[in-house]
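Notes follow the structure.
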Amino acid sequence: MTNGSANDERAIHQIKPHGGRLVNRLVEGETKENLLERAHALPKIQLNERELADIEMIAVGAMSPLEGFMTREVYDSVLDTMHLPLGLPWTLPVTLSVKPDEDPDQYRTGLDVALCRGDAVLGVMHLEDKWKPDKAAEAEKVLLTTDEAHPGVAYLGSVGDTYLGGEISVFEKPEHEAMNDYRLDPKETRVLFKAKGWSTIVAFQTRNPIHRAHEYLQKCALEIVDGLLIHPLVGATKKGDIPADVRMRCYEVLLENYYPRDRVAISVFPAAMRYAGPREAIFHALVRKNYGCTHFIVGRDHAGVGKYYGTYDAQLIFNEFTREELDITPLFFEHAFYCTACGNMASAKTCPHGNDEHVFLSGTKVREMLSRGECPPPEFTRPEVAEVLVEAYEKGIG
Amino acid sequence: MPEPRVTIKIPRPLYERIQRSIEGSGFSSVTDFIVYVLRDVMSGAGHRDERGELTREELDAIKERLKNLGYL
């Protein structure tokens, strides 16, 4: 393990991006000027929140080796085999849909399409493919359900029935109103890790505040690597999830009070949630590899929602890939809690005592307590985090 | 679901050389090693993409941003 100075930078071996190269689809200079000039006369397509997040991630290489939205060949390969056509693992479709109020016939393969958000033209797609997917089959294969109550299925029902595929050229990253001091692209996190002298970095993905159990998993992982990247997802989530700005305040107070700052970095992950459980766990791991992470924490029901997936299905799916083809190392953790008999944080693997000795609260119970202005016990949540959440609930979130 | 495979022939001396080389390497078979190498080649990892490496200016700009944000 290392925590070396800048002098050690050249000795730091970094994990390769997925596919071997960090994609860059941001255009500049004359290419950008030429495309911008043409873009205003092109047929336009509006991007929804997920697609906006996806073009940002494709543009900065977070989704390497993807260079654009999937064509039908790639889409089918991902759905049926969880691999790209050339053989690299990839588990989630990354698609661009024609909106219900847009005419698919205006988009012609072989020509370009302007990628828009309102009046802003963010980039251009070089249209290679246009087709009507079987969205029920996509839901079944990717989300393992066609229940419309599943947020991912609801999303598929909300988008149009025609997909467009092709490489993209992006003029500017989408503008964000918040958390800009925490937005690091893969090339930036890689420079950061090297400058800190970290060869091994574990990433922690979350869409929730960090409670004692998560803190425990992270610190267990940090015992065996050089650095920890707390990488909260801040793209589109479902109603009922804690807003990203509230979560960031939770992370800030936690890091300030309980984490060694020379071993931990926090940066936001701009992706939208798919709630695809197992397949999304693989996706999350591969994308963190692009950010330069060598390890990835997978806990209970990773990227799950409701009861659609088995508690540890998101860990079992890693058995369907070889270690070499994933390259990033998953760190699996079971249910963690504070045990009053042990007198410390533990998990189902390391604690011999029964549930009556464990301090555990369901998500519903936590929300009820916070809504009443009541802080969960310090064995469950750090008091500083609880204060942020209580204040947020008083203002009407959650 | 396991992905479909095809059979490819290579010279036996080459096969045996690879077999000796991968002992203790973590690759469980010559097949696994060859698949790994070919995927790497096909992904263009061996090709020096002129946009893949950061220039000195880009690296300095990133480090400056990281310092201003308090990461370094």
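Numerical summary
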{"read-out": "Among (1) touching a residue at least 12 places away in the same chain (Cβ under 8 Å); (2) closer than 20 Å to B:Leu66 by Cα, the one test that A:Thr329 misses", "value": "(2)"}
{"read-out": "From the options B:Glu64, B:Glu57, residue that is more than 10 Å from every other protein chain (Cβ to nearest Cβ), modelled with pLDDT of 90 or more, more than 20 Å from A:Val23 (Cα to Cα) and assigned to a helix (DSSP H, G or I)", "value": "B:Glu64"}
{"read-out": "Matching option when the condition is of a type in the set (D, E, K, R) and within 21 Å of A:Ala195 (Cβ to Cβ), among A:Lys16, A:Lys44, A:Lys32", "value": "A:Lys16"}
{"read-out": "Checklist (1) within 17 Å of A:Gly87 (Cβ to Cβ); (2) modelled with pLDDT of 80 or more; (3) within 14 Å of another protein chain (Cβ to nearest Cβ) applied to B:Phe27, failing item", "value": "(2)"}
{"read-out": "The stretch A:9-67: number of residues that are of a type in the set (Gly, Ala, Ser) and either surrounded by fewer than 18 Cβ atoms within 10 Å (Cβ to Cβ) or away from every other protein chain (no Cβ under 14 Å) (or both)", "value": "6"}
{"read-out": "Helices (runs of 4 or more DSSP H) completely within the stretch A:53-163 that count 2 or more residues being of a type in the set (Val, Ile, Thr) and out of contact with any Lys or Arg (no Cβ under 7 Å at 6 or more places or on another chain)", "value": "A:72-81"}
{"read-out": "Long-range neighbours under 7 Å by Cβ, at least six apart or interchain, first residue closer than 18 Å to A:Val366 by Cα and modelled with pLDDT of 80 or more within the stretch A:236-249, second crowded, with 17+ Cβ neighbours inside 10 Å and not hydrophobic (A, V, I, L, M, F, W, C)", "value": "A:Ile242/A:Pro209; A:Arg247/A:Pro209; A:Arg247/A:Pro232"}
{"read-out": "Matching residues in the stretch A:220-249 - criterion: being more than 15 Å from A:Arg382 (Cα to Cα), part of a helix (DSSP H, G or I) and touching a strand residue (DSSP E or B) at 6+ places or on another chain (Cβ under 9 Å)", "value": "A:Cys220, A:Ala221, A:Leu222, A:Ala244"}
{"read-out": "Search result, residues across the stretch A:228-267 that are within 17 Å of B:Leu66 (Cβ to Cβ) and of a type in the set (Ser, Thr, Tyr)", "value": "A:Ser267"}
{"read-out": "Residue in the stretch A:85-119 that is modelled with the lowest pLDDT, counting only those that are hydrophobic (A, V, I, L, M, F, W, C) and over 17 Å from A:Arg72 (Cβ atoms)", "value": "A:Leu111"}
{"read-out": "Residues within the stretch A:196-220 that are of a type in the set (A, V, I, L, M, F, W, C), more than 16 Å from the chain's Cα centre (by Cα), farther than 17 Å from A:Asn290 by Cα and buried (at least 19 other Cβ atoms within 10 Å of the Cβ), tallied", "value": "2"}
{"read-out": "Residues being in contact with a Cys (Cβ under 9 Å, 6 or more places away or on another chain) and touching a residue at least 12 places away in the same chain (Cβ under 8 Å) - total across the stretch A:356-378", "value": "3"}
{"read-out": "Positions within the stretch A:191-219 being touching an Asp or Glu at 6+ places or on another chain (Cβ under 7 Å) and assigned to a strand (DSSP E or B), in sequence order", "value": "A:Ile201"}
{"read-out": "Test: residue in the stretch A:155-163 that is modelled with pLDDT of 95 or more, surrounded by 21 or more Cβ atoms within 10 Å (Cβ to Cβ) and within 14 Å of chain B (Cβ to nearest Cβ)", "value": "no"}
{"read-out": "Extreme residue, modelled with the lowest pLDDT, among residues of the stretch A:178-195 that are among the aliphatic types (A, V, I, L, M) and surrounded by fewer than 19 Cβ atoms within 10 Å (Cβ to Cβ)", "value": "A:Ala178"}
{"read-out": "Single condition A:His284 does not satisfy, out of (1) crowded, with 23+ Cβ neighbours inside 10 Å; (2) part of a loop (DSSP other than H, G, I, E, B)", "value": "(2)"}
{"read-out": "Test result for A:His335, more than 14 Å from chain B (Cβ to nearest Cβ) and more than 22 Å from the chain's Cα centre (by Cα)", "value": "no"}
{"read-out": "So A:Arg261, is it over 19 Å from the mean Cα position of the chain (by Cα) and modelled with pLDDT under 95", "value": "yes"}
{"read-out": "Total residues in the stretch A:84-131, condition under 13 Å from A:His40 (Cα atoms) and either more than 26 Å from the chain's Cα centre (by Cα) or within 14 Å of chain B (Cβ to nearest Cβ) (or both)", "value": "3"}
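The values are calculated or read from the model by the stated rules, or taken from the named source; none is laboratory data. Bear in mind that the values here come from a model prediction, so they are computed numbers and not experimental data. Neighbour counts are summed over all protein chains in view; Cβ atoms, including those assigned to glycine, are modelled from backbone coordinates with ideal geometry.
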